[in-house]
Amino acid sequence: MYRLLMLLIVTNYVSAYIQLLGAGATVPADVFIASMAAYRSLRSPFVDARLSYNVQGSGFGKRAIAARTVSYAATESLLSYAEYDENPDLQMFPALAGSASR
């Protein structure tokens, strides 16, 4: 005689999300903001990504990332040796190149 084994799987769907707050330079702002919809769309099957970028200038971005009030920041100026000493876990990498005219 065959026995029928029924397995009931119950999942609790919890709406998980990540929030990435950014701040800083005006030059890359349009690119960052325009890219947010594409990033969110690509990640949406996996996580609800809530992205924002506060355009306040390079100095603001550097201060915000050092204070740990944002997830990422943009600046047109390099971190000084003193800023690296104060924040040894911060790293800079080029994200966007632009031109300047006089």
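Each residue of the stretch 48-57 is assigned a 3J(HN,Hα), and the resulting list reads 7, 8, 10, 10, 8, 9, 9, 7, 10, x Hz, derived from the Karplus form 6.51 cos²θ - 1.76 cosθ + 1.60 (θ = phi - 60°), x at Gly and Pro. Taking 0.36 nm per residue of separation and subtracting the current Cα-Cα distance, fully stretching the chain between residue 82 and residue 20 would add 19.7 nm.
Backbone amide hydrogens, once placed in the peptide plane, bring residue 20 within less than 5 Å of 50, 51, 52, excluding anything fewer than 5 places away on its chain. Annotation: amide H of residue 76 within the under-5 Å range of 58, sequence separation 5 or more or interchain, hydrogens built in the peptide plane.
Using the empirical formula 2.2 N^0.38 Å as the baseline, the Cα radius of gyration of the stretch 18-86 reaches a ratio of 1.20.
Across the stretch 66-81, computed HN-Hα scalar couplings (Karplus, 6.51 cos²θ - 1.76 cosθ + 1.60, θ = phi - 60°) run 5, 7, 6, 9, 9, 8, 8, 8, 10, 8, 8, 10, 6, 5, 6, 4 Hz from first to last residue, x flagging Gly and Pro.
Bear in mind that the values in this text are calculations on the coordinates, not laboratory data. Since we're looking at a predicted model, the values are computed, not measured.
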